[in-house]
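First comes the structure, then the notes that go with it.
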Amino acid sequence: MRSYKAKMVEPIELPSREEREAAIEEAGYNVFNLDARDVYIDLLTDSGTGTMSADQWAAMIRGDEAYAGSRSFNNLADAVRDVMGFEYVVPTHQGRGAENVLYGVLLEEGDVIPNNSHFDTTRAHIVNQGAEPVDCPSPASRDPNSNESFKGNFDIDAGYALVEEVGADSIPVVVLTITNNSVAGQPVSMANIRATAEFARDIDAMFVIDACRFAENAHFIKEHEAGYEDTSVAEIAREQFEQADAITMSGKKDALVNIGGFAAMRDETVFEHAKQRAILFEGFPTYGGLSGRDIEAMAVGLREAVTPPYVHERVEQVGELGDMLSERDVPVYLPTGGHAVYLDAGEIFSHVPKEHFPGQVLVCALYREGGVRGVELGEFAFPGADRPDLVRLALPRRTYSREHLEHIAETAEAVMESTHEYDGLEIVEEPPMKELRHFSAKLEPVSE
């Protein structure tokens, strides 16, 4: 039973099958191009799509809209210091703004940046600085049926192999994403966080944590890592960050807001450079492209994210959806992650070759069968990265009920019963930067 009640509702409507088929064709078989009104249950992302609390809405009324020296910024800085332990904070309009601000300061052309797995915008920001992103996922991540607890870990051996290949001087930054979004939302153990921090120190690199889902990761550590059973999520969250030199944060995830983010760091020189870059791209360093009311909501959300029973119920609901799908024999990446359930499109559409995007076929099929919008995180989103063809169903926070989960599961079951009706897709229009092609590219069914 959930420990909250609804105080606001929004009506939603399932378009007819004929309307859905017309909409997906008009969208170029890319659900990013759909109008939201044509979507019944929207699982495209959990970023900025959740429901804020009464305390967050109340905080918005207190927002200080001063251009410089905002009281709301001071409240955010206090929350970051208390929850995460960082002294210096640069607010940004969202997570990719934080990536731009921090990586624009730290990276140069020719650098090589290892990560347990880079997500799309992180990868693109690194490439945009002339650097090369390299994934070092745990070997366990390659088995979608393994129930190993921490499949999101950074492969330390792969990191040292990369050092042997390119030299330590080429690696100024080591990144760790918690949870590992590109590897099915899988968590990273505290032992691995410490080992990755030690690896970074060993090669004299800065250790940066992508902190977007830090509270979910702390929850998994509490549940599955020996020695943390009696430690609070808030304490585990702080311990995670004690290892890091800097973080990037999308507040639209575990700060429980609809817009906002920040970069935080320990080094004052990095902070001063980041502030100047923020002025250029985001706004004055005490508002960072945000209104004061949004900053106030983010400060409250950061504290709520590590307060029981929020995060337990959050992860529990995702697991509930995973169980519903598994009961219907829908191939699901195991164990379910913190923010999303990932479907194995390569298995569901085994007759569709990888170059014809079985993941995107599944995304379109889910929409066609039930108006459910997910996102492909395989060959279409990460061209040439040799990743499994997974489809992410990301649950917005505190938004959908069990009835919605049942509809999602029934939709996936309908897809499983109609796989013979679907063939592959091919790209007919894409942007110049392939790392971001899945946001706007258009496709069509493969011609006979």
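The values are calculated or read from the model by the stated rules, or taken from the named source; none is laboratory data. Bear in mind the structure is a predicted one, so any value in this text is a computation, not a measurement. Here the Cβ positions follow ideal geometry from the backbone for every residue, glycine too, while neighbour counts run over all protein chains shown. Ligands, DNA and RNA are excluded from the accessible area calculation, which covers all protein heavy atoms including side chains. Shrake-Rupley method; radii C 1.70, N 1.55, O 1.52, S 1.80 Å.
Listed values, structure above:
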read-out: Of all DSSP beta bridges in segment 54-306, antiparallel share, percent nearest 5; value: 50 percent
read-out: Neighbour net charge for F439 - beta-carbon separation under 12 angstrom, K R +1, D E -1; value: 0
read-out: In order through segment 175-189: 3J(HN,Hα) via Karplus (6.51 cos²θ - 1.76 cosθ + 1.60), integer Hz, x for Gly, Pro; value: 10, 10, 9, 10, 5, 7, 4, 6, 10, 6, x, 7, x, 10, 6
read-out: Two-site FRET efficiency, E272 against A54, from Cβ-Cβ distance with R₀ of 35 Å, rounded to 0.05; value: 0.40
read-out: Residue of S401, S53, S189 that the Gaussian network model of the chain assigns the largest fluctuation, springs spanning Cα pairs under 10 Å; value: S401
read-out: Within segment 54-306: Cβ-based charge dipole about Cα centre, in debye rounded to nearest 20 (Lys, Arg +1; Asp, Glu -1); value: 860 debye
read-out: Of F281, M84, F214, farthest towards positive along the dipole that unit charges on Lys, Arg, Asp, Glu beta carbons give segment 54-306; value: F281
read-out: Chymotrypsin sites (Phe, Trp or Tyr not before Pro) within segment 40-117, DSSP loop, no more than 14 other Cβ atoms inside 10 Å; value: Y67
read-out: Mean separation of Cα contacts under 8 Å, 6 or more apart, over the residue count of segment 54-306: relative contact order %; value: 32 percent
read-out: Cβ-based net charge around V415, under 11 Å, with every Lys or Arg adding one and every Asp or Glu removing one; value: -3
read-out: Additional length obtainable on full extension of the chain from E87 to H420, 0.36 nm per residue less Cα span; value: 114.3 nm
read-out: GluC sites (Glu not before Pro) restricted to DSSP loop in segment 1-108 with at most 10 other C-beta within 10 Å; value: E13, E108
read-out: Per-residue [θ]222 nm for the chain (sum of -39500 (n - 2.57) over DSSP H runs n ≥ 4, rounded to 500); value: -12000 deg cm²/dmol
read-out: K7/H351 FRET efficiency (R0 41 Å; Cβ-Cβ; nearest 0.05); value: 0.30
read-out: Dipole moment magnitude, nearest 20 debye, segment 264-354 about Cα centre, only Lys, Arg, Asp, Glu C-beta charged; value: 380 debye
read-out: Surface share of carbon and sulfur [accessible, 1.4 angstrom probe, percent] for the chain; value: 47 percent
read-out: Fraction of antiparallel bridges per DSSP, the chain only, in percent to nearest 5; value: 60 percent
read-out: Amide H contacts of G337 (H built 1.01 Å from N, under 5 Å, at least 5 apart or other chain); value: Y342
read-out: Cα centre as origin, Lys/Arg/Asp/Glu Cβ charges: the chain dipole, Debye; value: 1540 debye
read-out: Calculated FRET efficiency for the pair L280/E429, C-beta based, R₀ 35 Å, to 0.05; value: 0.65
read-out: Of Q186, Q129, Q94, the one that fluctuates the most in a GNM where the chain has Cα springs shorter than 10 Å; value: Q129
read-out: Rounded to whole Å, sorted largest first: equivalent-ellipsoid semi-axes of the chain, Cα gyration tensor; value: 33, 26, 22
read-out: Residues in segment 211-246 reached by a label modelled at A191 [backbone nitrogen below 11 Å; 7 Å Cα→Cβ]; value: 225-227
read-out: Selection from G346, L302, F382, by position along the positive dipole direction of the chain (Cβ); value: L302
read-out: Residue-wise HN-Hα coupling along segment 265-276, computed from phi with Karplus coefficients 6.51, -1.76, 1.60 (Hz; x: Gly, Pro); value: 8, 9, 7, 5, 5, 4, 4, 5, 5, 5, 4, 5
read-out: Equivalent ellipsoid dimensions for segment 343-448 as semi-axes, Å, which come from the Cα gyration tensor, largest first; value: 23, 17, 12
read-out: Sparse-neighbour loop sites [GluC sites (Glu not before Pro); segment 207-241; at most 16 other C-beta within 10 Å; DSSP]; value: E229
read-out: Distance-filtered residues of segment 195-219 - backbone nitrogen under 20 Å, label point 7 angstrom along A385 Cα→Cβ; value: 208-214, 217
read-out: Cut-off under 5 Å, modelled amide H: who pairs with T286 long-range; value: G69
read-out: Charge tally in the Cβ shell below 15 Å around T51, where Lys, Arg are +1 and Asp, Glu are -1, T51 excluded; value: +1
